[in-house]
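Novice: One structure follows; several queries about it will come next.
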Amino acid sequence: MVHMTPISKQQIEQADIVFIAVASSLMGSWIKELNPNTHDLGQYYQSGKSRLETYKEMIAAIMHEVRAGKNVCAAFYGHPGVFALAPHRVIETAKREGFEAHMEPGISAEDCLYADLAIDPGRFGCQHYETTQYMVHNKNIEPSAYLVLWQIGIAGDQELTEFETTEEKLGLLKKKLNAIYPEDHEVILYESSTLLLKESRIEKIQLQQLANVETSLETTLVIPPLRKKS
């Protein structure tokens with residue numbers, strides 16, 4: 001909440017209706033104080049339901065109000081354009097139909113990651129992949145740079161229907177990483193804090209422990225550079 005930019009706060013306050021996709025109920029309550037006419041996009045998620053279908057329903061709900069001539073604002077946690085399909089698609093749809101639409105930048109988990117872990121991506125370089133994409137496709141990894149794998153909490157979910165992963169799928173991820181990094185390579189489980197009084201999760205483990213860790217939808221795997229031994 002404290003990361004919200006002044007212009008984003010103003011857009012929420014001045015909108016006729018606000019659609020929200022937030023990381024906590026506290027955040028949702030705070031937005032409702034700014035503008036009581038809110039619509040929770042989280043209701044479209046269901047276990048076993050494809051997230052692509054969920055995103056279509058989100059876009060349809062937002063566009064229904066846009067076509068009705070209302071001043072519509074959609075507030076997403078983090079950066080609305082990072083790992084978020086619906087915001088991009090709804091803006092594309094609105095512009096195609098002749099409506100004015102734009103995206104205000106936000107502070108993403110990536111920004112928090114650099115600050116919390118004291119990483120300068122310009123020092124060694126930084127590679128970012130969605131975990132399942134990395135697992136399925138042959139990505140060319142440069143081990144002398146940081147590797148950041150997003151959404152390991154749903155590692156191996158090719159159908160986009162799951163909200164958690166399994167020990168078996170994390171084991172497959174570990175096996176692929178072992179082709180590049182040794183078993184004792186230190187990696188970091190990271191979850192950025194979304195509340196002022198809550199600390200970010202920064203858990204350092206060895207790669208060989210990866211299959212047995214607890215993950216959530218917010219968990220990111222950060223793999224530091226593999227440095228040559230002198």
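Novice: Just to check your reading of the model, which residue among Glu214, Glu191, Glu199, Glu162 is in contact (Cβ under 8 Å) with a residue 12 or more places away in the chain and at negative phi?
Specialist: Residue meeting the stated conditions: Glu191.
Novice: Continuing with this model, one more query. Could you please find all residues in region 12-29 being under 22 Å from the mean Cα position of the chain (by Cα), touching a residue at least 24 places away in the same chain (Cβ under 8 Å) and surrounded by 15 or more Cβ atoms within 10 Å (Cβ to Cβ)?
Specialist: Within region 12-29, Ile12, Val18, Phe19, Ile20, Ala21, Val22, Ala23, Met27 qualify.
Novice: Are any residues in region 68-78 touching a helix residue (DSSP H, G or I) at 6+ places or on another chain (Cβ under 9 Å) and modelled with pLDDT of 90 or more, and if so, which ones?
Specialist: If the condition is that a residue be touching a helix residue (DSSP H, G or I) at 6+ places or on another chain (Cβ under 9 Å) and modelled with pLDDT of 90 or more, then Asn71, Val72, Cys73, Ala74, Ala75, Phe76 are the ones that fit.
Novice: What's the total number of residues in region 1-35 that are in a loop (DSSP other than H, G, I, E, B) and in contact with a strand residue (DSSP E or B) (Cβ under 9 Å, 6 or more places away or on another chain)?
Specialist: 5
Novice: Looking at region 148-165, is at least one residue surrounded by fewer than 12 Cβ atoms within 10 Å (Cβ to Cβ) and either over 18 Å from the mean Cα position of the chain (by Cα) or modelled with pLDDT of 95 or more (or both)?
Specialist: Taking every residue of region 148-165 in turn, none turns out to be surrounded by fewer than 12 Cβ atoms within 10 Å (Cβ to Cβ) and either over 18 Å from the mean Cα position of the chain (by Cα) or modelled with pLDDT of 95 or more (or both).
Novice: Scan region 178-195 for residues that are within 19 Å of the chain's Cα centre (by Cα) and either in a loop (DSSP other than H, G, I, E, B) or among the polar types (S, T, N, Q) (or both) and jot them down.
Specialist: Selection gives Ser192, Ser193, Thr194, Leu195.
Novice: Another question about this same structure. I need a count of the residues in region 90-143 that are in contact with a helix residue (DSSP H, G or I) (Cβ under 8 Å, 6 or more places away or on another chain), over 25 Å from Glu199 (Cβ atoms), of a type outside the set (Ser, Thr, Tyr) and surrounded by 12 or more Cβ atoms within 10 Å (Cβ to Cβ).
Specialist: Selection size over region 90-143: 8.
The values are calculated or read from the model by the stated rules, or taken from the named source; none is laboratory data. Nothing here was measured: the structure is a model prediction, and the numbers come from that model. Ideal geometry is used to build each Cβ from the backbone, glycine not excepted, and the neighbour counts take in all protein chains shown.
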